[in-house]
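*Asks:* Before anything else, here's the structure in question.
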Amino acid sequence: MLLALDMGNTNILAGVFDGDRLVCTARAHTAHWRTADEWAVVLRDILSLHNLKPHQISGSIVSSVAWPVTDALTGGIALLTGNKPLIVGPGVKTGLHISIDNPAQLGSDMVCNAVAALTLAEPPLIIIDMGTATTMSLTDAQKKLVGVAIMPGLASSLEALSSKAAQLPKINLGTPPCVAGRNTLDSMRSGFVFGWASMLDGMIERMEAEAGAPCAVFAAGGLSERVIPHMRRTVRHEPTLLLKGLRLIYQKNTEL
């Protein structure tokens with residue numbers, strides 16, 4: 001079995017594949033203070049919750065945008081499974097052509113998403129990933145990743161607003177009953193849910209204009225399910241898109 005891990009700045013998403021079948025997923029907080037031993041315990045407990053044993057894991061792969069934590073995490077994987085994980089980065093075969101000014105600047109999460117999306121739809125493609133930041137990447141009709149837009153994340157923006165505006169409380173992002181809210185909570189929910197949906201709709205329109213053709217649109221990330229239902233554009237919600245990309249990249253680098 002393959003252990004695939006996506007380490008973001010806020011959360012880590014773990015998945016276990018049996019062949020090409022995703023048998024389980026789990027989320028944990030990206031705790032910067034954890035040691036390799038502690039990560040081994042966290043991962044062991046995740047496997048145990050799904051009735052899996054460490055010896056069943058024959059390989060592992062990691063995508064990380066939280067580099068200060070990467071060494072501890074990969075050390076924990078090695079302690080738990082006895083195998084050193086593959087880390088998505090320079091020198092790893094992905095099959096993706098990256099056509100930006102400095103390909104090394106592209107986050108491994110966007111690489112994994114694009115690799116998976118290209119197996120699910122014909123390009124051009126737009127991939128929305130809503131995590132600590134909101135990113136939108138464009139892959140053109142020639143299967144080249146040609147650019148990215150980076151916006152504030154939904155939760156981080158909400159936290160910043162509540163901390164800077166004394167009269168605006170911290171809220172959960174439920175579905176607002178209307179666009180023009182009649183109280184502070186509904187007004188904030190409208191701005192963050194409908195406002196984000198409208199922003200993404202508009203950005204898709206602009207990216208399609210640059211691509212010169214309609215695009216298939218995918219959405220991933222922990223917060224995407226709050227916003228995608230309120231968008232006017234048709235968007236394919238793929239919450240495990242990145243994990244699927246990790247599996248494909250692992251296969252490209254381990255085939256004989």
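*Asks:* Would you be so kind as to identify all helices of the chain, as entire DSSP H runs, whose Cα atoms reach 18 Å or more along the helix's own axis and whose mean Kyte-Doolittle hydropathy is at least -0.5?
*Replies:* Working: long enough: 36-49 (20 Å, 0.80); 67-81 (21 Å, 0.99); 184-211 (39 Å, 0.11); 241-254 (20 Å, 0.13).
Helices meeting the criterion: 36-49, 67-81, 184-211, 241-254.
*Asks:* Using only the Cα atoms of the stretch 87-149, what semi-axes does the equivalent ellipsoid have when each is the square root of 5 times a gyration tensor eigenvalue? Give whole Å, largest first. The partial results should precede the final answer.
*Replies:* Working: eigenvalues 48, 43, 27 Å².
Whole-Å semi-axes of the equivalent ellipsoid: 16, 15, 12.
*Asks:* Also: What does the charge dipole of the stretch 1-129 about its Cα centre add up to, to the nearest 20 debye, if the Cβ of each Lys and Arg holds +1 and the Cβ of each Asp and Glu holds -1? Working shown, then result.
*Replies:* Details: 7 positive and 11 negative charges, 64 e Å.
Dipole about the Cα centre, nearest 20: 300 debye.
*Asks:* Would you compute, for the Cα atoms of the stretch 31-130, the largest minus smallest coordinate along each principal axis and list the three values in descending order, in whole Å?
*Replies:* 41, 28, 26
*Asks:* Which of ASP71, ASP101, ASP45 moves most in a GNM of the chain, Cα contacts under 10 Å?
*Replies:* Judging by the Gaussian network model, the answer is ASP101.
*Asks:* On to the next question. Rounded to the nearest 500, what is the chain's calculated 222 nm mean residue ellipticity when only DSSP H runs of at least 4 contribute -39500 (n - 2.57) each, over all residues?
*Replies:* Rounded to the nearest 500, the figure is -12000 deg cm²/dmol.
*Asks:* Starting from the stretch 183-256, pick out the GluC sites (Glu not before Pro) whose DSSP state is loop and whose Cβ has at most 16 other Cβ atoms within 10 Å. Write out the running numbers ahead of the final one.
*Replies:* Numbers: sites: GLU205, GLU208, GLU210, GLU225, GLU255; in loops: GLU255.
Passing sites in the stretch 183-256 are GLU255.
*Asks:* Also: DSSP loop trypsin sites (Lys or Arg not before Pro) in the stretch 2-77 with at most 13 other Cβ atoms within 10 Å of their Cβ, which ones?
*Replies:* On the way: sites: ARG21, ARG27, ARG34, ARG44; in loops: ARG34.
Hits after loop and neighbour filter: nothing returned.
*Asks:* With charges set only on the Cβ (+1 for Lys and Arg, -1 for Asp and Glu), what does the dipole of the chain come to about its Cα centre, in debye to the nearest 20? All intermediate terms of the calculation are to be shown ahead of the outcome.
*Replies:* Values: 21 positive and 21 negative charges, 63 e Å.
The dipole of the chain has a size of about 300 debye.
*Asks:* Continuing with this model, one more query. In the stretch 149-191, what percent of the accessible surface is made up of carbon and sulfur (1.4 Å probe, ligands and nucleic acids excluded)? Mind dumping the intermediate values first?
*Replies:* On the way: 1540 of 2690 Å².
Carbon-and-sulfur percentage of accessible area, whole number: 57.
*Asks:* Cα atoms only, the stretch 202-256: Rg and Dmax in Å?
*Replies:* Cα only, the stretch 202-256: 14.7, 45 Å (Rg, Dmax).
*Asks:* Residues with beta-carbon under 14 Å from that of LEU5, excluding LEU5: net charge, scoring Lys, Arg +1 and Asp, Glu -1?
*Replies:* Working: positive: ARG27, ARG34, ARG44, LYS84, LYS244, ARG247; negative: ASP6, ASP71, ASP109.
In short, +3.
*Asks:* For the stretch 1-26 and the stretch 117-173, what is the separation of their Cα centres, given in Å?
*Replies:* 21
*Asks:* Related question: Given that compact globular proteins tend to follow 2.2 N^0.38 Å, what is the ratio of the alpha-carbon Rg of the stretch 111-212 to that value? Walk me through the intermediate numbers first.
*Replies:* Numbers: Rg = 16.4 Å, N = 102, 2.2 N^0.38 = 12.8 Å.
Here the answer is 1.29, to two decimals.
*Asks:* Using the charge dipole of the stretch 28-177 (Lys, Arg: +1 at Cβ; Asp, Glu: -1 at Cβ; taken about the Cα centre), state which of GLN142, GLY76, GLN167 has its Cα farthest towards the positive end.
*Replies:* GLY76
The values are calculated or read from the model by the stated rules, or taken from the named source; none is laboratory data. Computed from a predicted structure; not experimentally measured. With ideal geometry, Cβ positions are generated from the backbone for all residues, glycine too; neighbour counts draw on all protein chains shown. Quick note on the areas: whole protein, heavy atoms, side chains included, nothing else; ligands and nucleic acids left out. Shrake-Rupley method; radii C 1.70, N 1.55, O 1.52, S 1.80 Å.
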